[in-house]
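Asker: Here it is: the structure, laid out below.
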Ligand SMILES: [Zn+2]
């Protein structure tokens with residue numbers, strides 16, 4: 001706590017305006033940043049600007065970082081988060097918050113991009129916003145989500161800016177595979193955005209019936225470089241597992257669907273609910289003769305039953321599970337995740353931890369198939 005006071009003394013947190021620091025800072029550190037809890041968001045230098053002593057950011061991009069709902073029509077853009085709706089009307093140039101016109105209009109249009117003061121956007125949508133002068137960062141946070149204190153956060157950011165002296169990670173660290181089941185759905189695009197931000201490729205096991213509702217999202221997932229696996233058409237254990245004909249039929253239909261949409265030939269099956277006890281020896285043989293492979297997982301994050309506020313638990317489950325598999329000398333560690341909102345919240349920290357620990361994160365590679373099923377059956 002004493003350290004906190006010390007840092008608070010050197011911190012100037014402006015409560016009304018964001019002022020420009022003086023020239024005492026090194027010139028190379030002049031970029032202003034936006035942080036959300038413990039993460040510094042990725043913005044270009046000219047996206048975070050200072051106008052009329054206020055730090056402004058592109059409205060739509062920032063709204064996406066806040067996981068706000070965004071609805072755009074020809075007349076207006078509507079951003080909704082935590083029961084607050086902010087709208088901007090292109091014709092009248094009016095900004096409304098919950099339907100009431102903001103007289104001091106906070107929207108600034110630069111090169112056809114709508115900018116909004118970060119304090120206005122953050123505070124209107126339920127965040128606290130503090131300006132950390134010595135790292136030129138506006139930090140958004142809520143008390144309900146766990147996060148570092150300001151002084152700890154500044155220490156973390158300052159440390160990350162130091163030239164990297166870490167020895168390169170030991171080459172015997174296992175490869176880790178992030179796998180996402182049960183999409184595509186409305187959370188898939190958030191996961192894709194985060195994966196892109198970290199330049200990480202993953203494996204998605206989409207459900208065929210969902211693909212029909214999210215065709216462009218399916219194509220985008222493939223174009224982003226992720227592997228599209230098979231997870232049945234129905235995900236219904238009463239239909240899927242009645243016979244090996246039904247089981248193989250659903251996988252074949254889904255493979256065709258993916259092929260028609262993307263041109264990708266998918267060979268990797270993840271059995272809904274896991275291969276044991278549902279996948280019978282006859283189903284296994286049918287898969288094998290159809291040229292398919294079967295992947296279960298090493299680390300079950302149970303993310304599907306963890307609620308949004310407790311997403312930290314998902315991160316802990318990954319850390320525990322991966323460490324356990326590494327100690328058991330597993331060279332290929334497969335993590336089970338889902339396209340859900342709580343998983344999206346946990347994903348940046350999961351990737352950061354894996355990368356910091358020296359793991360290489362890879363998508364499934366059919367040319368270097370590794371056996372990964374509960375029964376350890378080879379050749380599949
Ligand atoms: Zn599933």
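The values are calculated or read from the model by the stated rules, or taken from the named source; none is laboratory data. On a predicted model such as this, the values are computed, not experimentally measured, just so you know. Note that each Cβ is placed from the backbone with ideal geometry, even for glycine, and that neighbours are counted across all protein chains shown.
Asker: Test of understanding: among 303, 296, 308, 285, which residue is free of Cβ contacts under 8 Å to residues at least 60 places away in the same chain and within 16 Å of the ligand (Cβ to nearest atom)?
Answerer: 303
Asker: May I ask you to list the residues in segment 202-231 that are more than 16 Å from the ligand (Cβ to nearest atom), part of a loop (DSSP other than H, G, I, E, B) and buried (at least 17 other Cβ atoms within 10 Å of the Cβ)?
Answerer: Listed by number, the list holds a single entry, 226.
Asker: Further question: Being away from the ligand (no atom under 14 Å from the Cβ), in a loop (DSSP other than H, G, I, E, B) and surrounded by fewer than 19 Cβ atoms within 10 Å (Cβ to Cβ): is that true of residue 185 here?
Answerer: No: the conditions fail for residue 185.
Asker: Being assigned by TED's automatic domain parsing to the domain that holds residue 203 and without any contact (Cβ under 8 Å) to a residue 24 or more places away in the chain is the requirement here; does residue 345 meet it?
Answerer: No.
Asker: I would also like to ask the following. Can you tell me which residue in segment 136-152 is farthest from residue 64 (Cα to Cα), limited to those that are surrounded by 15 or more Cβ atoms within 10 Å (Cβ to Cβ) and touching a strand residue (DSSP E or B) at 6+ places or on another chain (Cβ under 7 Å)?
Answerer: Only one residue fits best here, namely 150.
Asker: List the number of the failed condition for residue 160; all other conditions in (1) touching a strand residue (DSSP E or B) at 6+ places or on another chain (Cβ under 9 Å); (2) surrounded by fewer than 17 Cβ atoms within 10 Å (Cβ to Cβ); (3) assigned to a loop (DSSP other than H, G, I, E, B) hold.
Answerer: So the condition that residue 160 fails would be (3).
Asker: Name the one entry in 179, 234 that is within 16 Å of the ligand (Cβ to nearest atom), in a strand (DSSP E or B), touching a residue at least 12 places away in the same chain (Cβ under 8 Å) and assigned by TED's automatic domain parsing to the domain that holds residue 283.
Answerer: Working: 234 fails: in a strand (DSSP E or B).
Every option except 179 fails the conditions.
Asker: Could you name every one of the helices (runs of 4 or more DSSP H) located completely within segment 265-380 that has at least 3 residues being within 16 Å of the chain's Cα centre (by Cα)?
Answerer: Per the criteria, 312-327, 341-356.
Asker: Given (1) surrounded by fewer than 22 Cβ atoms within 10 Å (Cβ to Cβ); (2) modelled with pLDDT of 95 or more; (3) under 13 Å from residue 62 (Cα atoms), identify the lone condition not met by residue 128.
Answerer: Every listed condition holds for residue 128 apart from (3).
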